[in-house]
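Values quoted throughout were computed directly from the atomic coordinates according to the rules given, and no laboratory measurement underlies them. The structure displayed is predicted, hence computed values, not measured ones. A quick note on method: Cβ atoms are made from the backbone with ideal geometry, for glycine too, and the neighbour counts reach across all protein chains shown.
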Amino acid sequence: MMSVSSTLYNKLPIFLQNVACSWRGRHLLKTRYSQTFRNLLAELNEMQWWEPERLKEYQNQKVRELMAHAYENVPYYNRVMKERGLAPKDFEAAEDLVKMPYLTKEIVRREGKNMIATNINLKREATATHTSGTTGAGLKYWKSNYATSFQWAVWWRHLNRFGVRFEDSSLNFGGLTVVPFYQKRPPFWREVKSLNQVYLSTYHLKEENLGLYIDMIEKHDFVRFAGYPSAMYVLADFLRRNNHILKRPPKIISPGAETLFEVHRELFTKWFGSPVTSQYGMSEAVVNCSCCKKNVFHVDMELGVLETKNIRQTPNGQTAFVIGTGIQDYVQPFIRYKIDDVITLVDKECDCGIHSQGISFIDGRVESLITTPDGRQVGRLDHVFKDITTVRETQLVQDALDSVIIKVVPDTGFDVSSEREIIAQMTHYLGNEMSFSIEKVDSIQRTKSGKFRFVISNIIPYLSNEVEK
């Protein structure tokens, strides 16, 4: 169901919606972008050039501290380590983490409070958060305020590499419904002046509106485009079809939250007229990888330990599943968290000056677009399921223009009310002209590469070939 605050926001005139968005931005300045964030960003900008031995010792020290803390203060890890005859002294380096079992979302849900450190004041030091992740199944957990600042500092270090400052203007292609779905006239965006940002509605990207989006962009001097590549694709393809290159290109384009394919990069570079960079991470903050100027992803070793489970050798390097351990969050540690995203490792060291492991390709959130009967193309719908914790996995399949099949692997507590909530959320984001049916299944089929696809569109499968590659 829609929240009361969301319902009130939709009733506000546009200028007050802009005020509300800016107020939200000021809140983020105090929390996400605090002085702690700024101090960490300055430190991380120096640490990225450390010699490999120094960086490795930093990571090993953080692992030793984390495992001692988990043993002494986190009931789940204390129990697991004792069952295996392990003690903190058994973890001297990152490589010793393999002595622990994998952690999965199912375990986190099942263990509940046993995953949370008993020596932490949650009200003062942490924030309750949630994620849908690649599999589209909701997960609620606690995250330390320090870890949040650290993660955002890592993300901004990546942008700093390309000359982007925190104060620079940005255009955000995100999933928040800042523009009411029922609004039929522009503007289909809202201003967040406190963050020097314009936030686009990705739910109004239909053909008759695209020219209006471009006109607005041409009137601004955005330094950065950020957000979902599936939404950027719609505008870039519109420019291609109209043989029009942006007259005021941004300094950099930094897509996120979805897999960035070469078809995206080529289209954005040519028609937006800007270089493209990207990074890979997740809300749980166990692994992060960010691009250098040589267009190679590098593991951000200060944030977490990357462990890989090999799948096969390819001409471009070793392909592997991702397992991560966050080393900055002591509130609810994620140790050997099995993510199941697929990456391809680079066999040789990059000559950019950053010494951490290089990665050539990250097959994270592989998604297509859902096309609505009124012509909108909507991507990144996994946030629909963030608060629905009674499903293990979900997948959206579109075989017809006016309908979507919602495949659900039920978890404990899944019932008729869960189905109603899912359909209500889908109707909110995609409209009343579409019908939705729920299909309960035992499992959801993966791609040939072993990757989960949250959205499969058989109407416009614009990335199907790229996915299988």
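List of remarks:
- Computed from the C-beta positions of Glu207 and Arg26, the FRET efficiency with R₀ = 41 Å rounds to 0.70.
- Between Asp415 and Asp402, the distance separating the two model label sites (each 7 Å from Cα on the Cα→Cβ line) works out to 3.4 nm.
- Only Lys, Arg (+1) and Asp, Glu (-1) charged, at Cβ; segment 370-462 dipole about Cα centre in debye: 480
- Proxy reagent accessibility, fewest Cβ within 10 Å first, across Arg420, Arg109, Arg453: Arg420, Arg109, Arg453
- Plainly put, segment 135-203 has a radius of gyration that is 1.06 times its Kirkwood radius, both from alpha-carbon atoms, as the Rg/Rh ratio.
- Charge dipole of the chain about the Cα centre (unit charges at C-beta), most positive-ward option of Ala94, Asn310, Val384: Val384
- Applying 1/(1 + (r/R0)^6) with r as the Cβ-Cβ distance of Asn114 and Arg240 and R0 = 51 angstrom yields a FRET efficiency of 0.45.
- Listed residue pairs exceeding 30 Å between alpha carbons, taken from Lys143/Lys294; Lys99/Lys440; Lys82/Lys386; Lys30/Lys294; Lys105/Lys440: Lys143/Lys294; Lys99/Lys440; Lys82/Lys386; Lys30/Lys294
- Simple spin-label estimate for Glu92 and Glu65 in nanometres, 7 Å along Cα-Cβ: 2.1
- In segment 1-71, inverting the average of 1/r over every pair of distinct C-alpha atoms gives 16.3 Å as the Kirkwood radius.
- Whole-Å semi-axes of the ellipsoid equivalent to segment 370-462 (Cα gyration tensor, √5λ, descending): 20, 18, 10
- Over segment 214-268 - Rg/Rh using Cα atoms and the Kirkwood inverse-distance radius: 0.94
- Each of Tyr33, Ile327, Ile405 was placed along the dipole of the chain (beta-carbon charges, centred on the mean Cα), and the one lying farthest toward the positive end is Tyr33.
- Within segment 269-312, backbone nitrogen closer than 16 Å to the virtual label 7 Å beyond the Cα of Lys251 toward Cβ: 274-278, 293
- Listing Phe162, Phe361, Phe225 from fewest to most neighbouring C-beta atoms within 10 Å gives Phe162, Phe361, Phe225.
- DSSP-defined antiparallel bridges as percent of all bridges, segment 370-462, nearest 5: 50
- Distance histogram for segment 261-302 (every C-alpha pair counted, 5 angstrom bins, percent rounded to whole numbers): 6, 21, 23, 21, 15, 10, 5, 0
- P(r) histogram, all alpha-carbon pairs of the chain included - 10 Å bins from 0, percent: 4, 19, 30, 29, 14, 3, 0
- Proximal charge balance of His69 [Cβ under 11 Å; K/R count +1, D/E count -1]: -1
- This model, with +1 at the C-beta of Lys and Arg and -1 at the C-beta of Asp and Glu, gives the chain a dipole about its Cα centre of some 860 debye.
- Fully extending the segment from Asp351 to Arg124, taken as 0.36 nm per residue of separation minus the present Cα-Cα distance, adds 77.4 nm.
- Site-free segments of the chain were taken between GluC sites (Glu not before Pro) in DSSP loops having at most 16 other Cβ atoms within 10 Å, sites themselves excluded; the longest one is 168-348.
- Burial ordering of Val416, Val98, fewest other beta-carbon atoms within 10 Å first: Val416, Val98
- Segment 49-183 shape via C-alpha gyration tensor axes, a/c threshold 1.5: oblate
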